[in-house]
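Visitor: The structure's right below; bear with me while I get my questions together.
The values are calculated or read from the model by the stated rules, or taken from the named source; none is laboratory data. Just so you know, these numbers come straight off a predicted model, no measurement behind them. Using ideal geometry, Cβ is built from the backbone for each residue, glycine included, and neighbour counts are taken over all protein chains shown. Just the protein is used for accessible areas: all its heavy atoms, side chains included, with ligands, DNA and RNA removed. Shrake-Rupley method; radii C 1.70, N 1.55, O 1.52, S 1.80 Å.
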Amino acid sequence: MTAITYIDPARLPYPFCPGCSHGTVLDRLNEAMLRLSLDPQRVVMVTDIGCVGLSDQWFVTHAFHGLHGRSVLYAEGIKLAAPDLEVIVLMGDGAAGIGGHHLISAARRNIGVHVVLFNNFNFGMTGGEHSVTTPQEARTSTTRSGQMEQPFRIAETLSINGAPFAARRAAYDGDLVDVMQEALAFDGFSIIEVLEFCPSYYVPCNQFRKSDMEALLAGDVFPRMLEVRDERTEYATYLAAVGTDKPRRELLHGDRIEKRFEHTLSDKLDIIVAGAAGGKVLSSASLFARAGIASGLFALQHDDYPVTVRTGHSISFLKLSPSPIAQMGIEAPGILLLLSEEGLVRAGTFLKKMQQNQRVILAGDLPRPETAAAVERLKLDQLKGRMPRQQTALGVLFLFLKKHPLFPLEALRESVARAQGTERAEKLFAIAREASDDIWESA
Amino acid sequence: MAYAFMDGAEALARAALLAGCDFYAGYPISPATKIHLLLMDALPSSGGIAIQGEDEIASISICIGAAMTGRKALTATSGPGISLYSESIGLAIMGEVPLVIVDVQRMGPATGGATTGAEGDVQFVRWPTSGGLPMIVLAPAGLASMLSLTVHAFNLSETLRTPVILLTSKQMVLSKQTVATDEVALPKIRNRHYFSDPGEYVPYGVDKPSDIPPFLPMGASQPVRFTGSMHDARGYLTKDPEKAEQKLRHLQQKITAHAEQIESVTLDLQKGAKTLLLAYGVNAPLCEAAVQRVRQKGKRCSLMIIESLFPVPEKRLQSALQGIRTVIVPELNIGLYAESLKPLLAPGQKLIPITRVDGEPLSVNAILREGHLL
Ligand code: SF4
């Protein structure tokens, strides 16, 4: 027997039943680690639930024992956060069932964690129930007349889903240490599925002997295999290399609006801007709000659009007020700007609630809706060729501001210039300033 | 003075970065996706890591692994996701993991209304997992509160080595508001206590039950043992009733004994007031406005805004309840937080829950009317 280094001698023997393969596999793993002279303080053994989940307690390395089937996830978190650690996952076939999706995802990512999957074809700890790897027709405490389900072929599944290192061996195989050594040294995700005996359940239930194991290994479902495709970048290395400082800086310091203008509002004003998806309604409303804030107003904006974002309506609810705003919802807006049919349909409920002292503004040739509010039309065809469709929402807000100077047109120009450049800001500013009053008609 | 026009998601993400958050994992879900997008963009720089998990269980589990290497981790989700987080929240409690968990509430149960606001998770996050141990739940009461409370959440998770739930809602996270960022006083940033003694490291060793075990990361020069199973001070599994009791009492007392450190409430008590308006979350600004209106009419009314929902700030509540006949609690659920207040009420003190569950916000007028405040 090899000198015990990573296994804590004070804790031996292992806690497993006599003849259980788990102890053998742990000994082989210990040998492989010895060959690589891993620094035990740079190694984390990650386990979850089942008999094999007890294993981490026999190691002198760091140990992480978590929830059933999730060990590979903790391992991924550890590896991403501390890429220079060796992270080894010890999990059973039960865990491969409840957490199979995580194994596949880890393989797809190619995070450099090393999985040893102890496959003894059933749940040992809880009483010999069938697992996702129970061979067809095998008997377990829950498949008394034989397993019907086809077994989950872990190594093959992970291999075809991106695992650059996937192997299968029997616990007694002479080259298990060699394969483990190779797997642990591999720069990327590796999995070794080790076929095992569970002498307390699976073995007696199926009179499962070494010859039966060999028959399995000689068949199509659980063959010995070693697939290595070393061409992908390890994920933690990749992640450490990507990213720029820009988004972080912007999030921390980006948004500073200084008060440079004066507003004319004496009381709060609710505005709804209702248009269609793709019409830049939300961003335009937001620029309008910023211009208000630069003029000393408080603003609140929330938006509404269908989950299929590129279709249907797109509405911004905007509140402007000389004092802080408590109320979020809008019952009936002071101003309703209708930019499209979609907006008109969605704003129907508000149109019914609006009163004479409130105002509906129709952009272009939208039909005049039924409402008690005053209705004005903005004859956009006068601007044909001057205002691109994409800028209608913003353009209408400029024109509205010229007619109803809640704050200076210059405030909106500055807000737009800051976000979208001076060219667009100057152009829309000029359109609004030069527009004559007859662009408006009462409808 | 400079202002920002930002939504709650931006405020939360900004404050998380200021608090030193350097690890994020999450899964896209409305209405928490904005936070997901912001942190996925902002973290991969200055050593930060952000990853999208294959599902919510993966996301919180990856965070737990990262947190145990010393990272300050955050994950964000909504109702269906927080339901999937449940088991892992238990792991974070048991393993004593510093972790900030954001729940952006939406209409539930199940898929509910993915883009409709609500506050229906209040009691769920109070006992979010099996085993019955206290949980810290903080609920921002506005945008400025979102900034400061996010830092508070990190501070508590770090210093108490525990998961902290930051409970907010769609309305708060997706509404843009004016905030005078320069005026928001953020709490001083506090980090977990690292083990630095020359002696042997005992991963879960504490002198008294309310102490917090010092931290060493996976990869330290002494072995670190982490486990979600019942364990002794050294992190080995145990069934010893005495050790099990020690562990569970510790997990209880490390929260209850630090009630004052956790507590975050604003009291605006008016002498002689017989009515107390009690608010949290998205209704807090409405209640401030409602109280102003009541007082303008020459009537008396006290106001209490609770940011630290759980543990229930009992002492502060008891002092606020002195001389009060009626407590009014507006909520966007069936009256969930009111349930936690009932045991604190004296005989004769009346509770008026004002509830709305149609996905729309309450209004100042509705609070004044249903609370019989004018
Ligand atoms: S029950 Fe089976 S797997 Fe578990 S220790 Fe016993 S033999 Fe090994």
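Visitor: Residue check: is B:E263 under 15 Å from B:A139 (Cα atoms) and away from chain A (no Cβ under 14 Å)?
Guide: yes
Visitor: Another question about this same structure. From the list A:F400, A:F407, exactly one residue is touching a Ser or Thr at 6+ places or on another chain (Cβ under 8 Å), touching a residue at least 60 places away in the same chain (Cβ under 8 Å) and of a type in the set (F, W, Y). Which is it?
Guide: Just a single option satisfies the conditions, and that option is A:F407.
Visitor: Within the range B:197-214, which residues are open to solvent by 20 Å² or more (accessible area, probe 1.4 Å) and in contact with a Phe, Trp or Tyr (Cβ under 6 Å, 6 or more places away or on another chain)?
Guide: Answer for the range B:197-214, where residues must be open to solvent by 20 Å² or more (accessible area, probe 1.4 Å) and in contact with a Phe, Trp or Tyr (Cβ under 6 Å, 6 or more places away or on another chain): just B:P214.
Visitor: Can you give me the number of residues within the range A:228-270 that are open to solvent by less than 50 Å² (accessible area, probe 1.4 Å), over 30 Å from B:A19 (Cβ atoms) and in contact with a Lys or Arg (Cβ under 8 Å, 6 or more places away or on another chain)?
Guide: Here the count works out to 2.
Visitor: In the range A:97-127, how many are within 14 Å of the ligand (Cβ to nearest atom) and either within 27 Å of the chain's Cα centre (by Cα) or surrounded by 24 or more Cβ atoms within 10 Å (Cβ to Cβ) (or both)?
Guide: First, pick out the residues of the range A:97-127 that are within 14 Å of the ligand (Cβ to nearest atom): A:117-127.
If we keep only those that are either within 27 Å of the chain's Cα centre (by Cα) or surrounded by 24 or more Cβ atoms within 10 Å (Cβ to Cβ) (or both) too, we end up with A:117-124.
Within the range A:97-127, residues that are within 14 Å of the ligand (Cβ to nearest atom) and either within 27 Å of the chain's Cα centre (by Cα) or surrounded by 24 or more Cβ atoms within 10 Å (Cβ to Cβ) (or both) number 8.
Visitor: Being away from every other protein chain (no Cβ under 14 Å) and open to solvent by 60 Å² or more (accessible area, probe 1.4 Å) is the requirement here; does A:D220 meet it?
Guide: Details: away from every other protein chain (no Cβ under 14 Å): yes; open to solvent by 60 Å² or more (accessible area, probe 1.4 Å): yes.
So A:D220 passes the test.
Visitor: Can we say B:L303 is open to solvent by less than 40 Å² (accessible area, probe 1.4 Å) and within 14 Å of another protein chain (Cβ to nearest Cβ)?
Guide: So B:L303 passes the test.
Visitor: Scan the range B:55-73 and tell me whether some residue there is at pLDDT 95 or above, over 30 Å from A:V43 (Cβ atoms) and not β-branched (V, I, T).
Guide: No - not one qualifying residue is present in the range B:55-73.
Visitor: Follow-up. For the range B:86-183, give me every one of the helices (runs of 4 or more DSSP H) that falls completely inside it and has 3 or more residues that are touching a residue at least 24 places away in the same chain (Cβ under 8 Å) and more than 14 Å from chain A (Cβ to nearest Cβ).
Guide: It comes to B:122-126, B:143-159.
Visitor: Here are some conditions: (1) surrounded by fewer than 22 Cβ atoms within 10 Å (Cβ to Cβ); (2) more than 10 Å from chain B (Cβ to nearest Cβ); (3) within 26 Å of A:G127 (Cα to Cα). A:V89 meets all but one. Which one does it not meet?
Guide: So A:V89 meets the others, but not (1).
Visitor: In addition: Quick check on A:V44: is it closer than 27 Å to B:A50 by Cα and facing chain B (nearest Cβ under 9 Å)? Steps first, please.
Guide: Working: closer than 27 Å to B:A50 by Cα: yes; facing chain B (nearest Cβ under 9 Å): yes.
So A:V44 passes the test.
Visitor: Here's another thing I want to ask about it. Checking A:T47 against (1) out of contact with any His (no Cβ under 9 Å at 6 or more places or on another chain); (2) within 14 Å of the ligand (Cβ to nearest atom), which single condition isn't satisfied?
Guide: (1)
Visitor: Going by the conditions given, is A:L73 open to solvent by less than 20 Å² (accessible area, probe 1.4 Å) and of a type in the set (A, V, I, L, M, F, W, C)?
Guide: Values: open to solvent by less than 20 Å² (accessible area, probe 1.4 Å): yes; of a type in the set (A, V, I, L, M, F, W, C): yes.
For A:L73, the condition - open to solvent by less than 20 Å² (accessible area, probe 1.4 Å) and of a type in the set (A, V, I, L, M, F, W, C) - is met.
Visitor: Given the structure, is A:G66 open to solvent by less than 30 Å² (accessible area, probe 1.4 Å), within 16 Å of the ligand (Cβ to nearest atom) and touching a helix residue (DSSP H, G or I) at 6+ places or on another chain (Cβ under 9 Å)?
Guide: no
Table: residues versus (1) open to solvent by less than 50 Å² (accessible area, probe 1.4 Å); (2) within 15 Å of A:V115 (Cα to Cα); (3) without any contact (Cβ under 8 Å) to a residue 60 or more places away in the chain; (4) of a type in the set (S, T, Y).
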{"position": "A:D8", "(1), (2), (3), (4)": "yes, no, yes, no"}
{"position": "A:P15", "(1), (2), (3), (4)": "no, no, yes, no"}
{"position": "A:P18", "(1), (2), (3), (4)": "no, no, no, no"}
{"position": "A:V25", "(1), (2), (3), (4)": "yes, yes, no, no"}
{"position": "A:V44", "(1), (2), (3), (4)": "yes, yes, yes, no"}
{"position": "A:C51", "(1), (2), (3), (4)": "yes, no, no, no"}
{"position": "A:L54", "(1), (2), (3), (4)": "yes, no, yes, no"}
{"position": "A:V60", "(1), (2), (3), (4)": "yes, no, yes, no"}
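Visitor: Can you tell me which residues in the range B:44-69 are open to solvent by less than 10 Å² (accessible area, probe 1.4 Å), more than 7 Å from chain A (Cβ to nearest Cβ) and part of a helix (DSSP H, G or I)?
Guide: Result: B:S59, B:I60, B:A67.
Visitor: Right, A:L29: at the interface with chain B (Cβ under 9 Å from one of its Cβ atoms) and assigned to a helix (DSSP H, G or I) or not?
Guide: No: the conditions fail for A:L29.
Visitor: For the range A:193-207, which residues satisfy the criterion of being over 18 Å from A:D175 (Cβ atoms) and within 12 Å of the ligand (Cβ to nearest atom)?
Guide: Across the range A:193-207, the qualifying residues are A:F197, A:C198, A:P199, A:S200, A:Y201, A:Y202, A:V203, A:P204, A:C205.
Visitor: Six or more apart or on different chains, Cβ atoms under 7 Å: show the pairs whose first residue is in the range A:216-235 and more than 30 Å from A:A81 (Cβ to Cβ) and whose second is open to solvent by 40 Å² or more (accessible area, probe 1.4 Å).
Guide: A:L217/A:R224; A:V221/A:R153
Every residue, every condition in (1) closer than 22 Å to A:F407 by Cβ; (2) at pLDDT 95 or above, yes or no:
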site: A:S295; (1), (2): yes, yes
site: A:D303; (1), (2): yes, no
site: A:V309; (1), (2): no, no
site: A:P322; (1), (2): yes, yes
site: A:P333; (1), (2): yes, yes
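Visitor: Collect the residues in the range A:28-42 that are crowded, with 17+ Cβ neighbours inside 10 Å and among the charged types (D, E, K, R), keeping them in residue-number order.
Guide: A:R28, A:E31 - these are the residues of the range A:28-42 that are crowded, with 17+ Cβ neighbours inside 10 Å and among the charged types (D, E, K, R).
Visitor: Across the range A:298-322, which residue is surrounded by the fewest Cβ atoms within 10 Å (Cβ to Cβ) among those that are among the hydrophobic types (A, V, I, L, M, F, W, C) and closer than 16 Å to A:D255 by Cβ?
Guide: So, considering only residues that are among the hydrophobic types (A, V, I, L, M, F, W, C) and closer than 16 Å to A:D255 by Cβ, the one surrounded by the fewest Cβ atoms within 10 Å (Cβ to Cβ) is A:F298.
Visitor: Name the residues in the range A:128-144 that are within 12 Å of the ligand (Cβ to nearest atom) and either within 14 Å of chain B (Cβ to nearest Cβ) or acidic (D, E) (or both), would you?
Guide: A:E129
Visitor: So is A:N161 open to solvent by 50 Å² or more (accessible area, probe 1.4 Å), away from the ligand (no atom under 13 Å from the Cβ) and in contact (Cβ under 8 Å) with a residue 40 or more places away in the chain or not? Give the steps one after another, and end with the answer.
Guide: Values: open to solvent by 50 Å² or more (accessible area, probe 1.4 Å): yes; away from the ligand (no atom under 13 Å from the Cβ): yes; in contact (Cβ under 8 Å) with a residue 40 or more places away in the chain: yes.
Spelling it out, A:N161 is indeed open to solvent by 50 Å² or more (accessible area, probe 1.4 Å), away from the ligand (no atom under 13 Å from the Cβ) and in contact (Cβ under 8 Å) with a residue 40 or more places away in the chain.
Visitor: Next up: Away from chain B (no Cβ under 13 Å), touching a residue at least 40 places away in the same chain (Cβ under 8 Å) and of a type outside the set (A, V, I, L, M), is that true of A:P333?
Guide: Against the criterion (away from chain B (no Cβ under 13 Å), touching a residue at least 40 places away in the same chain (Cβ under 8 Å) and of a type outside the set (A, V, I, L, M)), A:P333 qualifies.
Visitor: Kindly provide the set of residues from the range A:388-443 that are of a type in the set (D, E) and within 14 Å of A:L287 (Cα to Cα), ordered by number.
Guide: A:E410, A:E414
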